[in-house]
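Where a number appears in this text, it was derived from the coordinates with a stated rule and is not lab data. Worth saying up front: this structure is predicted, and the values here are computed from it rather than measured. Every residue, glycine among them, receives a Cβ derived from its backbone with ideal geometry; neighbour counts consider all protein chains shown.
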Amino acid sequence: MNNHIDSGAIKVIEVIGVSPESFDDAVKQAVDKAAESIKGITGIEVKKLSAAVTDGGITSYRATVKLAFVVS
């Protein structure tokens with residue numbers, strides 16, 4: 001995660017996005033939902049991908065994502 005600022009601080013939090021569609025959509029869900037309450041997200045790092053499986057098929061995709069944003 002490369003977040004350049006001249007001074008101040010960046011906070012990093014970890015969230016898990018969930019989607020029935022794909023890993024890409026799970027990442028998007030994580031960012032979109034976090035952006036509803038966190039302003040100024042400057043970058044993400046996908047830490048882990050996982051999925052729930054039922055009867056041999058994927059039923060839920062999960063993406064663990066680190067989000068960075070400037071602390072004001």
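Descriptive notes on the structure:
- Take every Cα pair under 8 Å whose residues are at least 6 apart in sequence, average their separation, divide by the length of the chain, and the relative contact order is 44 percent.
- Counted by Cβ distance under 15 Å from A26, the other residues give a net charge of 0, where Lys and Arg count +1 and Asp and Glu count -1.
- Anisotropy class of the chain from Cα gyration tensor, a/c 1.5 cut: prolate
- Unit charges on C-beta of K, R, D, E only; dipole of the chain, Debye: 240
- Cα lying deepest toward the dipole's positive end in the chain, options G40, A51, Y61, charges on Cβ: G40
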